[in-house]
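The values are calculated or read from the model by the stated rules, or taken from the named source; none is laboratory data. Given the structure is predicted, the values throughout are model-derived calculations rather than measurements. Cβ: placed from backbone, ideal geometry, glycine included. Neighbour counts: every protein chain shown. These area figures cover heavy atoms from the full protein model, side chains too; ligands, DNA and RNA do not enter into them. Shrake-Rupley method; radii C 1.70, N 1.55, O 1.52, S 1.80 Å.
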Amino acid sequence: MAIYTNLYLLVFLPAVLIIYEIVPKRFRWCVLLAASYALYISFSKALVFLLIGTSVFTYLIGRRMGTLADECQAELATCTDRKQKSEVKKGFQVRRRHVLLLGVLVLLGILFYVNYYNFVAENINFLLGPLGHKLPMAKVLFPMGISFYTLEAIGYMADVYWERYPAEKHVGKMCLFLSFFPQIMEGPIARYPDTSDALMAGEPLKADNLSEGFLRIIWGLFKKMIVSDRLSYLITYIFGNYKDYHGSFIILAAVGYTIQLYLEFSGSIDIVIGSGKMFGVTIPENFNQPFASQSAAEFWRRWHMSLGNWFKNYVFYPVTVSSRVKNWNKKARKKYGKYWAMVGTSAMSLFPVWVATGVWHGAGWKYLFYGMYYYVILLLGVALEPLKQKRNEYLGISPDMWWFKALRIFKTWIIIFVGELFFNAKDLSAGFYMFFSMFRDFHISSLWIYFPDAITTGDVVAIVAGCIVVWCVGFAKEHGVDVKGKILHAATPARWCVFYAIIFLILIFGAYGTGYQPVDLIYAGF
């Protein structure tokens, strides 16, 4: 029961809303928890016990760290001198660190086995095959959403360890946080304070929240069903038969897949955020007009923001402030100067982030390459920034010049399109084949005379028109126009005209349009 299906939108979600409203306030969190597990069972069946086990384990790890913190404070109260207090703090800190390490290793171990064991075993067998040693391949069932809820659980553990907030004492609250049904399939990845209190509050349904949530849901359906799903066949066809195409078709595939992925992922996140909003739960945003970015670094601050923030908070910052990196930076400044120390520090801090980003997306060399692709580009951006500033000063170029902004945006698009070409390729070798084939036999006129049979003129019109609408809304938001607020605060007839217009467009060009075929969520597989 995916979040874009009629079963979810017309039966499951309304039923949960009704039950939630009629149940007493103190039990409403139970309704959300039961609904979350019911939805999870619908697509992962018995693997719901892994989700429950992860939730309980995360709760226990947090409680143990909280108990050690309380014991530390009690023992400090009995200390008489500063040296003794320092020793007590260090002792408890080591014990708490061991508990955190246990929790992280267990959760990452489960994630590794489920997602990556067969990939690692396959490559080890390739290397050790001549020696006659082989690792057995595992038959593993994929628990939906495991990459998302595992990162949420690890983030919670780390925050409790750093004493950013106390350990949760209500196991049900932890279970609901990690399993809330709109988020469980595709995220976004929330931090514990983002949603935990609102989920447990049991506030009554409000007309404003229902209206805002409804608008967000139908906008998400518009992006997914009218544009992304109709693009899917063309993109799948070209990527699946990549050796038959070259030049303009490969560029079309790269650009088309990027549009498909963005509108499908952001559309599904709209449905997630809208569903949460109906219950009064504000789920973190995951996109902020990423294609208005003027650099690859800015793109990743606007694209899949919850994942980027997670890596920034729990990988990048800890590495940057670690004693090893600090000591290296101090020595490098004296030996090589500030510039090379800065570049070296950035290289050490960014490397684990982009290895993890690549690996998080899947088990395969193409995903690791994808992470390294952005690692190199971002590191080059850091290294070349002083030279860029000197160039701009010499040529008298202001970063605010419209043509300079447009040029930077176009450059960023090229970086994004090439990255997504490798991301969606069958494997790494196919990605390189497609990349180099872009530069041969380039005939743009062929695009207008050939499409696979299932891509009709109507499909093209719907896709282009849908993209224009999405671009116009994004352009307005980028320039400070609160499109959602204007619609929600408009007069009732005008507001419902917008609602009905979007619904009819979905029905005509999406759900019941000629040739429409629903497509599974891409990020649900990560």
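Placing dummy labels 7 Å off each Cα toward the beta-carbon, the span from C472 to C497 is 1.4 nm. Overall, the anisotropy analysis places the stretch 1-144 in the oblate class: the square-rooted eigenvalues a ≥ b ≥ c of its C-alpha gyration tensor yield a/c not less than 1.5, with a/b not exceeding b/c.
As a test of reading the structure, rank H246, H133, H489, H304 by solvent-accessible area (1.4 Å probe, protein chains only), most first. Don't jump to the answer; show the numbers that get you there.
Details: H246 60, H133 115, H489 160, H304 0 Å².
Output order, biggest surface exposure first: H489, H133, H246, H304.
Accessible surface for E168 stands near 30 Å², nearest 10, in the context of the full protein assembly shown (1.4 Å probe).
If the stretch 210-270 were replaced by its equivalent ellipsoid, with semi-axes equal to the square roots of 5 times the Cα gyration tensor eigenvalues, what would those be, largest first, whole Å? Numbers along the way, then the final one.
Values: eigenvalues 177, 14, 9 Å².
Semi-axes, largest first: 30, 8, 7 Å.
Counting heavy atoms of the protein chains alone, V498 has an accessible area of about 50 Å² for a 1.4 Å probe. If a/c stays under 1.5 just call it rounded; otherwise compare a/b with b/c (prolate if a/b is bigger, oblate if not). Do that for the stretch 357-501, with a ≥ b ≥ c from the square roots of the Cα gyration tensor eigenvalues. Oblate, since a/c reaches 1.5 and b/c is not below a/b. Placing K277, K477, K331, K405 in order of accessible area, with the largest value first and a 1.4 Å probe, yields K331, K477, K405, K277.
Just the number, please: carbon plus sulfur as a percent of the accessible area of the stretch 177-228, 1.4 Å probe, no ligands or DNA/RNA counted.
Working: 790 of 1420 Å².
The nonpolar share, carbon plus sulfur, comes to 56 percent.
The portion of the accessible surface of the stretch 40-87 made up by carbon and sulfur, rounded to a whole percent, is 58 (1.4 Å probe; DNA, RNA and ligands excluded). Accessible surface comparison of K366, K388, probe 1.4 Å, protein chains only, largest first: the order is K388, K366. Spin-label model, F142 to K326: label points 7 Å out along the Cα-to-beta-carbon direction sit 4.2 nm apart. When nucleic acids and ligands are ignored and a 1.4 Å probe is applied, W219 ends up with an accessible area of around 50 Å². Per residue, the chain exposes 50 Å² of accessible surface when a 1.4 Å probe is rolled over the protein heavy atoms with every protein chain present.
Would you please give the FRET efficiency between A490 and I397, computed as 1/(1 + (r/R0)^6) with r the Cβ-Cβ distance and R0 = 35 Å, to the nearest 0.05? Please report the intermediate quantities before stating the final value.
Working: r = 42 Å, r/R0 = 1.20.
The formula returns an efficiency of 0.25 here.
Put a plus charge on the Cβ of each Lys and Arg, a minus charge on the Cβ of each Asp and Glu, and nothing anywhere else: the dipole of the chain about its Cα centre is then about 2040 debye. Our note on the geometry: Cα centres of the stretch 226-300 and the stretch 150-185, 28 Å apart. Please compute, over every Cα-Cα pair in the chain, the percentage with a separation greater than 40 angstrom. For the chain, the fraction of Cα-Cα distances above 40 Å is 31 percent. Local charge for S211 was computed over the other residues whose Cβ lies under 14 Å away, with Lys and Arg +1 and Asp and Glu -1, and equals +4.
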